[in-house]
Amino acid sequence: MRLALVFNPFKYKVHEENIRIVQKYFGMFPPLSLAWVAAIARNAGHQVTIIDARTLRLTKKEVLERLKEFKPDCLGFMMTTYMFGDTLEWIRYLKEELKVPVIIGGYNLRIYPKESISHAEIDYGVIEHALNTIPQLLEAMEGKRKLEDVVGLVYKDNGTIKLNPPQAVSFEEFPNPARDLLPNDLYAEFPTERKNFTVLVTSLGCPYNCFFCEAGRTVYNPRTPVTVVNEMQECFEKYGVREIDIFDYDFTADRARTIEICRLIKERGLDILWACRSRIDIDQELLRQMKEAGCGRIYYGIESGSPEILERVNKGITLEEIRKTIKYTKELGMKALGFFLVGAPGETAKSVRQTLSLAKELKLDYVQFSKCLAKPLTPLWKQLVGSSGQDYWREWVLGNEIDRVLPRPWTKLSSAEIDRLAKWAYLSYHSRPSFLFKATLKVRSFKEFKRKFLGYWEMVFSQENHSKADENFVAYHEEPRRLDFYWKIAKFK
Ligand code: B12
Ligand code: SF4
């Protein structure tokens, strides 16, 4: 079978947890989910291409032209809950022209499998991982297997939607993502210092249970240190990667695994600058080993400067731990970045001020103030759906809801106030002369300077008072497009 996977661009939404300039400058990342699917399908003997239309800034028409050249037997798309409508719009256009079966997958399928494929243009949905499902489904599409024998599939059978439950898989068994199908030198994130840049996912799930997070209490499913470092080495040697952001929910969840990964990186002499996400309750010795192995940035989930709110969101950390870990991180010469919430349960204007003053006191290199949202599968969402009897996200996926500001009954602050406070927090944090001076000194290239300067400029001068939908939204992008070159490479794989 010839499978074409398309990663579509997406617009800014009012219901998003991030404000628009953060979404815009966040970066250009490889569509990793599709690269895993591509590697799995290829290992099963199929021909696959990935079109990263977002990064290459391709229009629907341009993608269609390239697809006509590739002549796919089926199309595949990754769907998140929040950008469901954007992807559906792309599916509608391409399906109408190409008339081949459409397969969708992605996190949203775990939440709303039947609703997701209720749309006429979608034929199949992979509920969880592609590891077993995709080879079996492609076999079924070739007539070599029955659809009812494909694990983890949701499909249509004479007008009814049927669901075959998924089976647990070991992440260790996954092949490395097919990065050879991606424009690796076009990716970058806001704080990137080196090229080429890529993203790694080395473990799935998180054993903790924060009130606002969908990853809480999901099975921790790590890849072994050797597999992780083999993938890093492949990135270094085959794709010229010199900087990696590890997107695991909590990269340091298993201390011994992290230490072994660090040891292997050092043993192999891999000169890669890497970043990761970690809980704040990490010890000094582990931080030291990470620094020695090339870790340059750590993104910490700090969430709030108010001890009461930390308690209410079940974060399980204290202000003392926060101060201690940030101090160690900086002393070791690593950049410390902090994720914060605005509008958490029990939030008041006073607690937002406490959060901002903690962020300033910690002198973090980068901060993200997200508007607390009842995201599907979070305890916050379960509580809201339980009490209101309504599930906005389900209706959104079904196409019955519009993008709108969502209620936050867990705080007395209105959604408009939360929006305003989040913007004010960014502006206030970044406009301190000491921060601007230090940030400028730390810049290592013209591109980095340009990216940061433009981000700051927009934050100060073109930030709207209330977040608005943005039909013309274009995510920030460093390089001019070089699609023909990449298309030629992708086509002949
Ligand atoms: C890397 C990443 C990105 C990258 C690349 C996109 C991607 N997913 O490849 C970037 C930064 C671009 C991105 C963007 C966004 N992301 Co993101 N992303 C991730 C992240 C951290 C890792 C993805 C990954 O590789 N996982 C490991 C692989 C093995 O698992 P997987 O992604 O689930 O993929 C498997 C299956 O789902 C399935 N599958 C997935 N897609 C497809 C497609 C087909 C055709 C098939 C057959 C199967 C299939 O097979 C895969 C292999 O087994 C996940 C969190 C996580 N840890 O998974 C969030 C995550 C997927 N992202 C999320 C969100 C919210 C977003 C954004 C909306 C953020 C934003 N506001 O901009 C956008 C939306 C993008 C879009 N087009 O809709 C949410 C989705 C939640 C939801 N309810 O849908 C997640 C779960 C994070 C979270 N906990 O909130 N993301
Ligand atoms: S916020 Fe972090 S620690 Fe808490 S459940 Fe989510 S991933 Fe785990």
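Against the criterion of being at positive phi and of a type in the set (Gly, Ala, Ser), Gly105 does not qualify. Looking only at the range 286-327, filter to residues that are out of contact with any Lys or Arg (no Cβ under 8 Å at 6 or more places or on another chain) and within 15 Å of Thr258 (Cβ to Cβ); which one of those is nearest to ligand 1 (Cβ to nearest atom)? Restricting to residues being out of contact with any Lys or Arg (no Cβ under 8 Å at 6 or more places or on another chain) and within 15 Å of Thr258 (Cβ to Cβ), the top hit is Cys295. Just one of (1) open to solvent by less than 10 Å² (accessible area, probe 1.4 Å); (2) touching a Ser or Thr at 6+ places or on another chain (Cβ under 9 Å) fails for Leu94. It is (2). Among the residues of the range 228-247, the ones that are within 16 Å of ligand 2 (Cβ to nearest atom) and in a loop (DSSP other than H, G, I, E, B) come to 1 in all.
Condition check ((1) touching a strand residue (DSSP E or B) at 6+ places or on another chain (Cβ under 8 Å); (2) without any contact (Cβ under 8 Å) to a residue 24 or more places away in the chain) across all residues:
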residue	(1), (2)
Glu285	no, yes
Ser304	yes, no
Glu311	no, yes
Asn314	no, no
Glu320	no, yes
Thr325	yes, no
Leu332	no, no
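Residues that are buried (at least 19 other Cβ atoms within 10 Å of the Cβ) and touching a helix residue (DSSP H, G or I) at 6+ places or on another chain (Cβ under 6 Å) were ranked within the range 109-123; the one that is farthest from Glu172 (Cα to Cα) is Glu115.
Conditions tested, residue by residue: (1) within 16 Å of ligand 2 (Cβ to nearest atom); (2) part of a loop (DSSP other than H, G, I, E, B).
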residue: Phe211; (1), (2): yes, yes
residue: Asn221; (1), (2): yes, no
residue: Val226; (1), (2): no, no
residue: Thr252; (1), (2): yes, yes
residue: Ile261; (1), (2): no, no
residue: Lys266; (1), (2): no, no
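Within the range 381-395, residues that are closer than 17 Å to Lys13 by Cβ have Cβ atoms under 9 Å from residues that are exposed (fewer than 13 other Cβ atoms within 10 Å of the Cβ) in these pairs: Arg394/Asn400, counting only partners at least 6 apart in sequence or on another chain.
All of (1) open to solvent by 10 Å² or more (accessible area, probe 1.4 Å); (2) part of a loop (DSSP other than H, G, I, E, B) hold for Thr55 with one exception: (1).
Kindly evaluate Lys60 against the criterion of being assigned by TED's automatic domain parsing to the domain that holds Met79, modelled with pLDDT of 95 or more and open to solvent by 10 Å² or more (accessible area, probe 1.4 Å). Don't jump to the end; show me each part of the working.
Numbers: assigned by TED's automatic domain parsing to the domain that holds Met79: yes; modelled with pLDDT of 95 or more: yes; open to solvent by 10 Å² or more (accessible area, probe 1.4 Å): yes.
So Lys60 passes the test.
Would you say Phe435 is within 27 Å of Arg277 (Cα to Cα) and away from ligand 2 (no atom under 16 Å from the Cβ)? Walk me through it before giving the result.
Numbers: within 27 Å of Arg277 (Cα to Cα): yes; away from ligand 2 (no atom under 16 Å from the Cβ): yes.
The answer is yes for Phe435.
The values are calculated or read from the model by the stated rules, or taken from the named source; none is laboratory data. Every value quoted in this text rests on a predicted model; they were computed, and no experiment measured them. Note: ideal-geometry Cβ built from the backbone for every residue, glycine included; neighbour counts use all protein chains shown. Surface accessibility is based on the protein's heavy atoms, side chains included, excluding ligands, DNA and RNA. Shrake-Rupley method; radii C 1.70, N 1.55, O 1.52, S 1.80 Å.
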